[in-house]
Amino acid sequence: MKPRILLIGGNGQVGTDLASLLPSLGELFSPSRQELDLTRPGDIRRSIREVRPQWIINAAAYTAVDQAERDEATARAVNEEAPAVIAEEAKKIGAALVHYSTDYVFDGSQKSPYEETDAPNPINVYGKTKLDGERATQASGALHLIFRTEWVYATQGRNFLLTILRLATQKQELRIVADQIGSPTTSREIAVATVKVISQLMDKEEGVRSLATIGGIYNMTAEGETSWYEFAKAILEEVSATAQSIPWVKAATKGMPFLSGRVLSITTAEYPTTARRPAYSVLSTRRLRDRFGISLPPWREQLRSLFILDTFEDSQNS
């Protein structure tokens, strides 16, 4: 009998990709935001008790970093309080829980990749609420995996990739921060890696019970590191080398031509934002690789794959 899997946040970037992959592992239940409002604990409890899943995957989060500074109550409800309720319910029914967190739990003062055991020190409300969500999950006693991701993007939703493509049709030059360093990671690769981990656990004789010893926090990001400035340049290089008729590119640009591919580097001080960002938030993925034998592709390879895959699909449909 296939296990029941409850996916929360199935309309988000990572959730959308998970929704396409998880049916290979079990019977998928993915309630809409209207059916499961994370600011309403009763909705969460009802959904979990009705489905009684063997696996719960929480891909939902409040990710508007600057807005969180002005709306901490909602950020905390979604990023801390909702995960606490989810974990509590998972514990009651013996379900395994997958929860996603962020590089923003760190302050960015390090000069080398952060390990899972490094002390968190978030410098904005978003990071603080995500850290509190991690801690609530750990304190619940539920069998769990927490995957820390960073600089997540996709061909849909709201993210840096789509913003750069849109701005390139509106401005002669783009001024992009060059002194913040991270590892851009596609939602697709996060979903693929997640499914691989779950599949391995399902194949174990002890099943989800193995999480009692191998559960916890794992960093799940692309290999390598770059700046927002270099990432922006790479995006424009990749799109210039492929057909701009790719459906998701056309949607991002609304079919408008690019005005220029010129990208200028600026400092964080020259681009003030409401919330502070860590200057360096690269995460070490050694633990994920050592435990599960899984490594996500380098960030540039991930970016290129979006254009190669969709160029092929576009040519097949033309």
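The protection proxy used here, the mean number of other Cβ atoms lying within 10 Å of each residue, ranks peptides 13-25, 174-186 as follows, highest first: 174-186, 13-25.
FRET efficiency for the pair residue 227 and residue 24, taken as 1/(1 + (r/R0)^6) with r the Cβ-Cβ distance and R0 = 45 Å, rounds to 0.80. Each principal axis of the Cα cloud of the stretch 199-301 was taken in turn, and the coordinate range along them, longest first, works out to 57, 37, 23 Å.
Subtracting the Cα-Cα distance of residue 1 and residue 163 from their residue separation scaled by 0.36 nm leaves 53.9 nm.
Just the protein heavy atoms count here, and of the accessible area of the chain at 1.4 Å, carbon and sulfur take up 48 percent.
Once the other residues with Cβ under 11 Å from the Cβ of residue 189 are scored (Lys, Arg +1; Asp, Glu -1), what is the net sum? Mind dumping the intermediate values first?
Working: positive: 188, 196; negative: 17, 223, 301.
Combined, the nearby Lys, Arg, Asp and Glu give -1.
Accessible surface computed residue by residue for the chain, with neighbouring protein chains in place and a 1.4 Å probe, gives 45 Å² per residue.
What the Kirkwood sum gives for the chain is a hydrodynamic radius of 20.3 Å, with every pair of different alpha carbons counted.
Count charges around residue 5 for me, please; just the other residues with Cβ under 13 Å from its Cβ, Lys/Arg as +1, Asp/Glu as -1. Its environment carries a net charge of +2. Listed by chain and number, the lysines whose alpha-carbon sits under 21 Å from that of residue 254, ignoring those within fewer than 8 places in the same chain, are 171, 233. Using only Cα atoms, tell me the angle between helix 187-203 and the longest principal axis of the chain; keep it within 0 to 90° and round to the nearest 10. Relative to the chain, helix 187-203 is tipped by roughly 30 degrees.
The values are calculated or read from the model by the stated rules, or taken from the named source; none is laboratory data. These numbers were taken from a predicted model, which means no experiment stands behind them. No Cβ is skipped: glycine too gets one built from the backbone with ideal geometry, and neighbour counts run over all protein chains shown. What goes into the accessible areas is simple: the full protein's heavy atoms, side chains included, and nothing from ligands, DNA or RNA. Shrake-Rupley method; radii C 1.70, N 1.55, O 1.52, S 1.80 Å.
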